[in-house]
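Shown next, in structure tokens, is the structure this report addresses.
The values are calculated or read from the model by the stated rules, or taken from the named source; none is laboratory data. Note that this is a predicted model, so its numbers are computed, not measured. Every residue, glycine among them, receives a Cβ derived from its backbone with ideal geometry; neighbour counts consider all protein chains shown. For accessibility, only protein heavy atoms count, side chains too; no ligands or nucleic acids. Shrake-Rupley method; radii C 1.70, N 1.55, O 1.52, S 1.80 Å.
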Amino acid sequence: MSAGYEEILDGMPTLRAPPGERHERICQRLHARVAASLAAFPAAQLLACRARIQITPDTAIRPDLAVLTTANAKLWLAAEVINPADHHTDTVIKKALYEEIRPARLWMIDPRYDNVEVYHATPYGLALQTILAGSELLTEALWPSFEISIRELFGP
């Protein structure tokens, strides 16, 4: 199991619970698949798992997966693997923050239900596009080589 970590949310230091073994396996699978698909896509940069991203002077987050645009280092994709022991921060507080900063994509990955909520940015905030489960595929149209089945993502 990895150690806990801190995020700064609207000026408030927030200590996050250490992610469990299943959480880390999901992160590793997702990172490996995204890294492979971005190898031929120089316009995007995959950060290390839970790399610190300074959003505003009083807000610094650590998404489980983050892809930045190389042109301006803007957060393009954030993925949060929800920690069942610490889910309120991801599902309420950080989700509201993502609504404000509007990354092009947000994936809320929920091991409690083995599903993924996929959000796309709109001029009015984030819009839920789909909820994936079972044998459905998580894909990204801008990275045609990226796909992972939900079953594989959450598998043993």
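I need the strands (runs of 3 or more DSSP E) fully contained in the range 105-156, keeping only those with at least 3 residues that are of a type outside the set (Asp, Glu) and open to solvent by 20 Å² or more (accessible area, probe 1.4 Å). Step through it out loud before you land on a result.
Working: elements: 105-110, 115-122, 125-133, 137-139, 147-149.
Ranges flagged: 115-122, 125-133.
For the condition closer than 15 Å to LEU9 by Cβ and out of contact with any Ser or Thr (no Cβ under 9 Å at 6 or more places or on another chain), what is the one hit in ALA66, ALA71, ALA78?
Details: ALA66 fails: closer than 15 Å to LEU9 by Cβ; ALA71 fails: closer than 15 Å to LEU9 by Cβ.
Step by step, each of ALA66, ALA71, ALA78 is checked, and only ALA78 is closer than 15 Å to LEU9 by Cβ and out of contact with any Ser or Thr (no Cβ under 9 Å at 6 or more places or on another chain).
Can you tell me which of (1) touching a Phe, Trp or Tyr at 6+ places or on another chain (Cβ under 8 Å); (2) open to solvent by less than 30 Å² (accessible area, probe 1.4 Å) is the one GLU7 doesn't meet?
(1)
Please state which of the following conditions ARG22 fails to meet, knowing it meets all the rest: (1) closer than 19 Å to TRP143 by Cα; (2) assigned to a helix (DSSP H, G or I); (3) open to solvent by 30 Å² or more (accessible area, probe 1.4 Å).
If we test ARG22 against (1) closer than 19 Å to TRP143 by Cα; (2) assigned to a helix (DSSP H, G or I); (3) open to solvent by 30 Å² or more (accessible area, probe 1.4 Å), just (1) comes out false.
Please verify whether LEU97 is outside any loop (DSSP other than H, G, I, E, B), out of contact with any Cys (no Cβ under 8 Å at 6 or more places or on another chain), over 18 Å from HIS31 (Cβ atoms) and free of Cβ contacts under 8 Å to residues at least 60 places away in the same chain, treating the condition exactly as stated.
Values: outside any loop (DSSP other than H, G, I, E, B): yes; out of contact with any Cys (no Cβ under 8 Å at 6 or more places or on another chain): yes; over 18 Å from HIS31 (Cβ atoms): yes; free of Cβ contacts under 8 Å to residues at least 60 places away in the same chain: no.
Judged against the criteria, LEU97 is not a match.
Looking at LEU126, LEU138, LEU153, can you tell me which residue is in contact (Cβ under 8 Å) with a residue 24 or more places away in the chain, farther than 15 Å from ILE26 by Cα and touching a helix residue (DSSP H, G or I) at 6+ places or on another chain (Cβ under 9 Å)?
LEU126
Restricted to the range 131-154, and to residues that are polar (S, T, N, Q) and within 18 Å of LEU77 (Cα to Cα), which residue is farthest from the chain's Cα centre (by Cα)? Spell out how you get there, then give the answer.
Here is the first cut: in the range 131-154, the residues polar (S, T, N, Q) are 135, 139, 145, 149.
Subsequent filtering for residues that are within 18 Å of LEU77 (Cα to Cα) retains 139, 145.
Working: THR139: 14, SER145: 19 Å.
The residue in question is SER145.
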